[in-house]
1. Considering B:58, B:43, which residue is crowded, with 16+ Cβ neighbours inside 10 Å and modelled with pLDDT under 85?
2. Cβ-Cβ under 9 Å, sequence separation 6+ or interchain: first residue in the stretch B:151-176 and closer than 22 Å to residue A:203 by Cβ, partner modelled with pLDDT under 90 and crowded, with 21+ Cβ neighbours inside 10 Å. Which pairs?
3. Considering the stretch B:150-175 alone, what residues qualify as being away from every other protein chain (no Cβ under 12 Å) and not in a loop (DSSP other than H, G, I, E, B)?
4. Considering only the stretch B:199-237, how many residues are facing chain A (nearest Cβ under 10 Å) and in a loop (DSSP other than H, G, I, E, B)?
5. Report yes if some residue within the stretch A:109-117 is part of a strand (DSSP E or B), surrounded by fewer than 21 Cβ atoms within 10 Å (Cβ to Cβ) and away from every other protein chain (no Cβ under 14 Å); otherwise report no.
C-alpha cells in the first residue's frame, strides 16, 4: 500500500474512533475582552434568565479565546437557541446565536462556572481585583483527576486582600464529588506525580517578596502527608518533594536554596 | 500685618481666613498652594510640606501661630524668609529604590500621623533590646506594579503607595524590621514581631501580623484596611 494511502486510512480510522465533539448553541447577549462588562450585562438579565452566566471563549475551540461571553441560554438544539434569541432581542437587539464546539476537559465540559456566584458581590470600588482574581480554572492532572481553582469573594471590609480567595478543590470525574485541598491559595502552583499532589500557596509577605507553604496530599484518599513552610516551586519525583527554600534577610532580598523532603505514604 | 488665629494644615483647625493667609504666604514664597480659596486641600498641604522640607527634619504639614513654619514664612517680609531652593520634581526627588533611602528620608515620606508615631515606636523597641529600622515606608506605584508582575506581591495598590496628587509621597504604612534578622526565622524566635505588634497597637497603629488570612508581620499602618479605596482616590490614582 502506498504510504499516503496508509496515512489516509489511519486518519479515517482515528476520526471514526474519536468521539464527536459536543456542540452547544449559545444565546449571547454581549461579548467583551474583559470580565466586568460581561458580568454587568448578566446582572441586568438574571431576572428573566436565571441561568445566565459568563462563558470564556477559550472553552469553545471554535471561538476567540480572548473574549468573555454573556450567555443567557445554552442549548443542544439550534432552533431552541434561535427561539431564545428572539425573546432576548426584545431587551438586547444585538443578541445573537453562536455554535460552541466544547473543548474537552474545559470548564464548560466539566460543569465548572467561570465565575463563582460570590464574584458578583465584589464592591465596585475594590482596588486590587483584576479579571484573573475573578476567573476560576480547571487543571487536568496527569494521573487522572482534576484541580478546580475556585476564585471567590468573601465579604470582609478589613481583609488585607479585599476578600480575594482562591480555593483549590480536587475531583475525579464529577464536580458533584469534590474534596477541598486549600481554602485559600494565593500564587497557586502545583506538581502531581507518583500518586502525590503538591500545592504551593503564598502565606505571608516578606520584604520585596512572598513566603510560600507547600502542602502534599496523597492522590488516593487525599490525606495531607506533609506541609513545608517557606518553600516554593514544588517538584515531585521518586517519592521525594523538591522545592526552593525561601529566606529573606535584613536587605529584603529573597535567597533560594534547594530542599528535598522524602514523602512517606500513610496508606 | 499677617496673623493667623489657629493652626492651618494637616489635622489643624483650618479657619478659612487663616487658610487664605497661609495660601498667600506660600505663594509669595514660591510654592503652589492652588487658588487662595480658604480650603486646606491636597495642593495646600503639598505646598506646606514642600516648604517645611526646606528647613524641618520632620515636616508635619501643620502651621501653628508663632510656630517654626509661621516664623519662617513671615520673617523679614515673607518672600525673603525662605531660601530660593528649587524643589526637584517628585519624579527626581522620589525616584529609585526607596528601601535604600536613609531613615530620615523614609520618615519624611510618611503622612503626618504615621510620621509622628513611628519614632516613638522605634524607641520603645530599642529600649527592649531590639535594633529596629524602617525597611519601607513609601514605595512608588511603578515599583508596586513591578513586584506584582514578578509574582512578588498580590496587591497593585497598598497604603505604602499613597501620595499627594502632585506625586509627593504620603505613605500610610511602614515595614519595620530588626536589622539583624529581617524576615529570617530569628525575628520570630527572638520575639521581635510580637513586640512590634504590641508597640504599634499601643500607639494606635494597625499591625499586619493580626491579618490571619495573609499576615504581614513587619507592616504597620495608620488607617484601617477599609480606607484603601479612599486613599487611592485621594492619591489621584
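1. Step by step, each of B:58, B:43 is checked, and only B:43 is crowded, with 16+ Cβ neighbours inside 10 Å and modelled with pLDDT under 85.
2. Within 9 Å, the pairs are B:152/A:208; B:153/A:208.
3. B:163, B:169, B:171, B:174
4. Counting residues in the stretch B:199-237 that are facing chain A (nearest Cβ under 10 Å) and in a loop (DSSP other than H, G, I, E, B) gives 10.
5. Checking the stretch A:109-117: not a single residue is part of a strand (DSSP E or B), surrounded by fewer than 21 Cβ atoms within 10 Å (Cβ to Cβ) and away from every other protein chain (no Cβ under 14 Å).
To keep it simple, each residue is scored yes or no on (1) more than 14 Å from every other protein chain (Cβ to nearest Cβ); (2) buried (at least 16 other Cβ atoms within 10 Å of the Cβ).
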| position | (1), (2) |
| --- | --- |
| A:85 | yes, yes |
| A:99 | yes, no |
| A:103 | yes, yes |
| A:130 | no, no |
| A:162 | no, yes |
| A:179 | yes, no |
| A:185 | no, yes |
| A:191 | yes, yes |
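Per-residue answers, yes or no, for (1) within 19 Å of the chain's Cα centre (by Cα); (2) surrounded by 15 or more Cβ atoms within 10 Å (Cβ to Cβ); (3) without any contact (Cβ under 8 Å) to a residue 24 or more places away in the chain; (4) more than 14 Å from residue A:113 (Cα to Cα):
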site: A:30; (1), (2), (3), (4): no, yes, no, yes
site: A:55; (1), (2), (3), (4): yes, yes, no, no
site: A:61; (1), (2), (3), (4): yes, no, no, yes
site: A:64; (1), (2), (3), (4): yes, no, yes, yes
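The values are calculated or read from the model by the stated rules, or taken from the named source; none is laboratory data. Since the structure is predicted, the reported quantities are computational estimates derived from the model, not experimental observations. Cβ coordinates were reconstructed from backbone atoms using ideal geometry, including for glycine residues, and neighbour counts include every protein chain displayed.
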